[in-house]
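Colleague: One structure follows; several queries about it will come next.
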Amino acid sequence: METIIIDGKKISQDIKDELAVKVADYKKKGVEITLAVIQVGDDPASSVYVRNKKRACEYIGINSKSYELPTETTEEELLQLIDNLNNDDSINGILVQLPVPDHIDEKKITNAISPLKDVDGFHPYNVGCLSIGDKGYISCTPAGIIELMKRNNIEIDGKNCVIIGRSNIVGKPMCALMLRENATVTVAHSHTQDLKDLCKTADILIVAIGKNNFVTSEYVKEGAVVIDVGIHRDENNKLSGDVLYDDVKPHCSAITPVPGGVGPMTIAMLMNNCVESVNILNK
């Protein structure tokens, strides 16, 4: 069986190229798109993500405004900045890079962003829209996973899907999206019994458990599609996922590598949400 290696790098590049054309068309009509990116503190991983987001904005032709705040910024100061940006008509999207320092309540910050500018798709309003099938911003990683499958002609309709992980950022929105695509979905988590047997029923196995190389070939049905959302760095800076790739790959019809699978799609779909904001803000 020839295993398809799902190339997230290429697909994310295709999406960014498509978005660049849309943005150029908007510019001809005098429509500018601006993303405000807020980072509190100087967490090195966060700085890399922020830099990549700015680079993607530049590539597709949207403006990015950067707010790099010191670690000691108070919750009140951050909430005031978000309020100002909510009321600024020149700003389409607002993104607060997570995690924030411990003295700031992450939930309060997420909820303070206007749902119409919540390009991360984390606000309860947008989460609700997703669950009832209304239009709104969709969390970027799950949206990217759907694109990866569609652009590789992977059939979702009617398939059994098992998602390992129930986080608000991946597991839960992923479940809603797979249901929207007519899959039959089971969400597994730390209290799930007989996890191996359950995973072996999956035509599509989506792994977002946060444990390095956790899923081996013993979890995978022959011919299944395996999507690895995990990302881990070892002491030599080598990246790996939640799936033991070399062990699992021979048993799959398709698999995402780490790096180069799901990761690049998150920023591509964030850019897609920024472009979508034109319709959402004007509806």
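Colleague: Within the stretch 38-68, take every residue that is touching a residue at least 40 places away in the same chain (Cβ under 8 Å), in contact with a helix residue (DSSP H, G or I) (Cβ under 6 Å, 6 or more places away or on another chain) and not in a helix (DSSP H, G or I) and give me the one that is surrounded by the fewest Cβ atoms within 10 Å (Cβ to Cβ).
Modeller: Once the filter is applied, the top-ranked residue is Gly61.
Colleague: Pick from Ala268, Ala208, Ala224: which is touching a helix residue (DSSP H, G or I) at 6+ places or on another chain (Cβ under 8 Å), farther than 20 Å from Tyr49 by Cβ, among the small types (Gly, Ala, Ser) and not assigned by TED's automatic domain parsing to the domain that holds Ile62?
Modeller: Working: Ala268 fails: farther than 20 Å from Tyr49 by Cβ; Ala208 fails: farther than 20 Å from Tyr49 by Cβ.
Among Ala268, Ala208, Ala224, only Ala224 is touching a helix residue (DSSP H, G or I) at 6+ places or on another chain (Cβ under 8 Å), farther than 20 Å from Tyr49 by Cβ, among the small types (Gly, Ala, Ser) and not assigned by TED's automatic domain parsing to the domain that holds Ile62.
Colleague: Another one. Within the group Cys161, Cys175, which residue is within 30 Å of Gly93 (Cα to Cα) and either part of a loop (DSSP other than H, G, I, E, B) or in contact (Cβ under 8 Å) with a residue 12 or more places away in the chain (or both)?
Modeller: Cys175
Colleague: Next up: Would you mind finding the one in Leu85, Leu78, Leu98 that is touching a Leu at 6+ places or on another chain (Cβ under 8 Å) and either farther than 29 Å from Ile255 by Cβ or surrounded by 14 or more Cβ atoms within 10 Å (Cβ to Cβ) (or both)?
Modeller: So the residue among Leu85, Leu78, Leu98 that is touching a Leu at 6+ places or on another chain (Cβ under 8 Å) and either farther than 29 Å from Ile255 by Cβ or surrounded by 14 or more Cβ atoms within 10 Å (Cβ to Cβ) (or both) is Leu78.
Colleague: Something else about it: State all residues of the stretch 83-127 that are in contact with a strand residue (DSSP E or B) (Cβ under 8 Å, 6 or more places away or on another chain) and in a helix (DSSP H, G or I); if no residue qualifies, say none.
Modeller: The answer is Leu85, Asn86, Ile109, Thr110, Lys117.
Colleague: While we're on this one: Counting just the residues of the stretch 19-37 that are in a helix (DSSP H, G or I) and either touching a strand residue (DSSP E or B) at 6+ places or on another chain (Cβ under 7 Å) or of a type in the set (Gly, Ala, Ser) (or both), which one comes out surrounded by the most Cβ atoms within 10 Å (Cβ to Cβ)?
Modeller: In the first step, residues of the stretch 19-37 are kept if they are in a helix (DSSP H, G or I); the result is 19-28.
From the residues that got through so far, the ones that are either touching a strand residue (DSSP E or B) at 6+ places or on another chain (Cβ under 7 Å) or of a type in the set (Gly, Ala, Ser) (or both) too are 20, 24.
On the way: Ala20: 16, Ala24: 11.
Filtering first and then ranking leaves Ala20.
Colleague: Note down all Cβ pairs under 7 Å where the first residue falls in the stretch 99-127 and is among the hydroxyl-bearing types (Ser, Thr, Tyr), the second is part of a helix (DSSP H, G or I), and they're at least six residues apart or on different chains.
Modeller: Pairs that qualify, where the first residue is among the hydroxyl-bearing types (Ser, Thr, Tyr) and the partner is part of a helix (DSSP H, G or I), are Ser114/Asn86; Tyr125/Pro115.
The values are calculated or read from the model by the stated rules, or taken from the named source; none is laboratory data. Please read these numbers as outputs of a predicted model, since none were measured by experiment. A quick note on method: Cβ atoms are made from the backbone with ideal geometry, for glycine too, and the neighbour counts reach across all protein chains shown.
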